[in-house]
Amino acid sequence: MSREKKQSFMGGVTIMAISTIFVKICGAIYKIPLNNILGAEGLVHFQSAYNIYAILLTVSTTGLPLALSKLVSEAHAANRRTQIRRCFYTAMSLFVILGIAGTAVMFFFADQLAVAINNSLASGAIRALSISVISVSIMCAYRGFAQGRQNMLPTAVSQFIEAFFKMVVGLPLAWYIIRLGRPLEDGAAAAILGVSAGTVLAMFYMILNYRKLRGPILWGTDVPQSYGTIVKRLLGLGIPITIGQASMSLLNMLDQTICLGQLQNVLGLGERAAANLYGEYSFSNTLFNLPAAFLPTITVSLIPAISVAVVRRNHREISQIVSTSFRLIAALAIPAGVGLSVLAGPILLMLYPAEQETAVAATYHLHLLGIASIFVCIMLLTNSIMQAHGKVQLPVYTMIMGGAVKVAINYVLVGKPDVNIKGAPLGTLICYGLIALVNLAIVHRMLEEKPNYFFIFVKPAAASAIMGAAAWASHGLLSQLIGGSYMKDSLCTLCAVGIAVAVYLILVIALRMITREDLRMIPHGEKLARLLHVK
């Protein structure tokens with residue numbers, strides 16, 4: 001692969017990584033205080049609305065932006081500007097139709113949706129979130145267009161706008177509503193309004209950005225494909241991708257519905273009591289989703305980059321992009337998952353001082369979910385690799401397989417009085433572990449130049465194990481020496497995290513987990529390689 005292509009791919013990854021860091025900082029400032037404000041029960045009402053939103057949003061926007069970016073990247077590689085324009089306009093029409101339908105469903109059928117997921121108190125939050133579906137649908141059409149040209153900056157900026165205004169609007173509203181003495185479900189609906197505000201403003205940014213930059217990009221002399229052909233291609237690529245992506249959102253909603261149903265119908269708990277118990281699992285889910293949240297930094301650059309290489313039949317370029325992506329995921333996801341698992345209790349207690357009892361109960365869940373988060377990252381990356389090769393049905397099949405296992409485990413274990421909600425994280429771990437292993441086998445068989453999984457995963461796993469031991473030992477020692485109050489315990493946790501990061505970075509260099517060639521693909525990478533003495 002030429003240096004130019006490497007820099008194009010990694011430049012997109014770098015831009016998205018920087019954006020994601022800012023987005024996650026805003027998300028943490030939003031979600032952590034929000035969990036303390038709403039508590040376990042209020043969080044379930046918030047999450048109930050968000051799970052439904054995630055499914056409708058996935059149906060409206062997930063597959064089509066990736067399909068659009070793939071079609072645009074192929075046309076851009078062939079300098080077919082008129083084809084790019086027609087692909088974009090056709091996709092935008094589909095986005096608007098699906099977005100309007102999704103918003104209408106959430107707004108007019110909020111009560112019925114809330115009852116269907118065994119949480120009738122979430123109807124207000126569902127209705128407050130409805131406008132976000134049409135806003136994100138329109139915004140994602142512009143994102144798909146930009147990503148297809150391997151321009152990740154508009155997507156990065158729009159994501160930051162979403163996260164920032166979600167924080168500055170939703171958090172004060174939720175605090176104010178709860179302070180007035182309103183029920184927790186009203187506080188959840190107020191917090192959700194921040195999400196809606198962020199998506200609307202981000203949509204307007206993407207519209208203005210497109211109008212400013214479209215210029216000569218869309219005007220050429222080539223003869224484009226017919227609208228019907230483009231619609232068939234968009235749907236042929238987008239529907240299987242949508243089903244594969246929606247499967248994860250559907251799994252989360254099924255997870256909640258089955259767990260709440262078993263807690264109420266089998267164990268005899270009331271609606272609020274069941275929501276409170278499920279909230280313990282939801283508290284750990286916030287951190288469980290954190291490592292996977294960085295995956296779009298790679299996948300939005302990965303799919304168009306591989307698509308262009310596939311068109312050119314450049315198997316070496318494909319292999320290098322895939323191998324680089326795997327190394328990035330292994331180097332980031334494995335230590336993140338191990339760290340969450342090892343320091344589950346201290347991290348939860350540090351983040352949720354107003355909900356200490358819930359944080360203690362959630363520790364068990366995060367021990368398992370920390371490891372499960374590694375498999376989720378691998379699953380999402382391998383899904384993108386298969387989709388970029390046009391094998392869009394395969395991720396659907398593996399998700400169905402893993403989902404069936406998860407549903408069966410949750411149904412059986414959560415209904416047992418001596419297990420109850422503790423069965424949910426075990427089902428999650430087995431589900432995503434199975435999917436990740438099957439996906440790795442499929443990708444290995446699919447590629448002409450096979451990735452060396454042993455080389456990719458063994459060193460990060462060994463380094464993460466040593467890092468985890470260092471985190472556990474340092475936290476235990478520091479707790480004995482200076483622990484005792486919330487501030488001191490939090491200081492112990494932060495110091496243990498810092499020690500773990502330092503140990504891992506030393507091992508990354510000592511074990512040569514990254515190469516000078518890898519660092520050259522990011523801005524100022526050569527200087528960083530010299531600074532770290534990477535060969």
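Yes/no per residue for (1) open to solvent by 60 Å² or more (accessible area, probe 1.4 Å); (2) at pLDDT below 85; (3) out of contact with any His (no Cβ under 6 Å at 6 or more places or on another chain); (4) within 22 Å of N289 (Cβ to Cβ):
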| residue | (1), (2), (3), (4) |
| --- | --- |
| Q387 | no, yes, yes, yes |
| G403 | no, no, yes, yes |
| Y411 | yes, no, yes, no |
| K416 | yes, no, yes, no |
| N439 | no, no, yes, yes |
| L447 | no, yes, yes, no |
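Of the residues that make up region 56-65, is at least one over 23 Å from K31 (Cα atoms), of a type in the set (A, V, I, L, M) and assigned to a helix (DSSP H, G or I)? Checked region 56-65: at least one residue is over 23 Å from K31 (Cα atoms), of a type in the set (A, V, I, L, M) and assigned to a helix (DSSP H, G or I). I21 satisfies every condition listed in (1) over 15 Å from S123 (Cβ atoms); (2) at pLDDT 80 or above; (3) among the β-branched types (V, I, T) except (2). Remark: A404 falls outside the filter, which requires a residue to be touching a residue at least 12 places away in the same chain (Cβ under 8 Å) and among the hydrophobic types (A, V, I, L, M, F, W, C).
If the condition is being of a type in the set (K, R) and within 27 Å of T363 (Cα to Cα), then region 379-422 contributes K406, K416, K422. Is it the case that some residue within region 273-283 is at pLDDT 80 or above, open to solvent by 20 Å² or more (accessible area, probe 1.4 Å), more than 17 Å from the chain's Cα centre (by Cα) and among the hydrophobic types (A, V, I, L, M, F, W, C)? Yes: one or more hits.
For every residue, the table says whether it meets (1) in contact (Cβ under 8 Å) with a residue 24 or more places away in the chain; (2) over 21 Å from C26 (Cβ atoms); (3) of a type in the set (D, E, K, R).
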position	(1), (2), (3)
A156	yes, no, no
E185	yes, yes, yes
F204	no, no, no
R211	no, yes, yes
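Residues considered: A359, A331, A354, A336. Of these, the only one that is over 13 Å from N35 (Cα atoms) and modelled with pLDDT under 90 is A331.
Residue-level check: of (1) surrounded by fewer than 24 Cβ atoms within 10 Å (Cβ to Cβ); (2) in contact with a Cys (Cβ under 7 Å, 6 or more places away or on another chain), R80 misses just (2). Can you confirm whether region 477-489 contains a residue that is charged (D, E, K, R), within 15 Å of P335 (Cβ to Cβ) and open to solvent by 30 Å² or more (accessible area, probe 1.4 Å)? Within region 477-489, none of the residues are charged (D, E, K, R), within 15 Å of P335 (Cβ to Cβ) and open to solvent by 30 Å² or more (accessible area, probe 1.4 Å).
Scanning region 375-427 for residues that are small (G, A, S) and part of a helix (DSSP H, G or I) yields S384, A388, G402, G403, A404, A408, G423, A424, G427.
The values are calculated or read from the model by the stated rules, or taken from the named source; none is laboratory data. All figures in this text were calculated on a predicted structure; none of them were measured in a lab. Heads up, the Cβs are rebuilt from the backbone with ideal geometry, glycines too, and the neighbour counts pull from every protein chain shown. Note: accessible area is taken over every heavy atom of the protein model, side chains too, but ligands, DNA and RNA are not part of it. Shrake-Rupley method; radii C 1.70, N 1.55, O 1.52, S 1.80 Å.
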